[in-house]
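The next block holds one structure in the form of structure tokens; read it before the comments.
Bear in mind these aren't lab numbers, they're just calculated from the coordinates by the rules spelled out. Everything quoted here is computed from the prediction, not taken from an experiment. Cβ coordinates were reconstructed from backbone atoms using ideal geometry, including for glycine residues, and neighbour counts include every protein chain displayed.
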Amino acid sequence: MRRLCTTVLIFEAIVIALAIPVAIKVGHVSGGSAGPAGGGLAGAAVLIAVAVGARSLGDTGLRVALGAGSLLQLLMIASGVVVPAMYALGVIFTGLWVVAIWLAHTVESRQAAWAAAQEHSARQAAAGEQASAGDQASTGGQASTGG
């Protein structure tokens, strides 16, 4: 999950940074307001990406970072007020964000189920070997022959 969500956020930061000149030229926004606003959003995307990727934060930290990333998606869509193209880009990145979280959750669930099945199989195999060893010990290790 961490790698996929971090990738979405890094690409989003790049797109936000590239939207700053567009806001100035096309949206007729002053550089004094487009630069800090766009830079702040791009910087926030990078910081959230670092937080999502940091394994030392644990599950609680990951949840907080994912929540912050979701808030960033809303801010990205809201930036369409200044540059209308950002509405579409915001929706695209929100879709990528949701798919990244969903897909990562699905993969992690399947991996956990597979690991549990492997552990169960290993326990059954170990129990079967112990039972087989117990049978050999009780018969003296020799096969009985008829008559």
Tilt of helix 2-25 relative to the longest C-alpha principal axis of the chain, in degrees (0 to 90, nearest 10)?
10
Could you give the C-alpha radius of gyration of the chain expressed as a fraction of 2.2 N^0.38 Å, taking N as the number of residues it contains?
1.87
Efficiency of FRET from Cβ geometry, Ala17 and Ala122, R₀ 35 Å, rounded to 0.05
0.10
Hey, fewest Cβ within 10 Å first, where do Trp114, Trp97 land in order?
Trp114, Trp97
Would you compute, from DSSP H runs of 4+ residues alone, the mean residue ellipticity of the chain at 222 nm, taking -39500 (n - 2.57) per run and dividing by the full residue count, rounded to the nearest 500?
-30000 deg cm²/dmol
How would Thr60, Thr106, Thr94, Thr7 line up from fewest to most surrounding beta-carbon atoms within 10 angstrom?
Thr60, Thr106, Thr7, Thr94
Between the range 4-55 and the range 85-133, what's the alpha-carbon centroid distance in Å?
31
How high is the relative contact order of the chain, in percent, with contacts defined as C-alpha pairs under 8 Å that are six or more residues apart?
24
Per-pair calculated FRET efficiency, R0 = 30 Å: Val107 and Glu129 via Cβ, rounded to 0.05
0.35
Projected label distance in nm at Ala68 and Thr7, using a 7 Å step from Cα toward the beta-carbon:
2.2
Taking Ile24, Ile48 and counting other C-beta atoms within 10 Å, the order from fewest to most
Ile24, Ile48
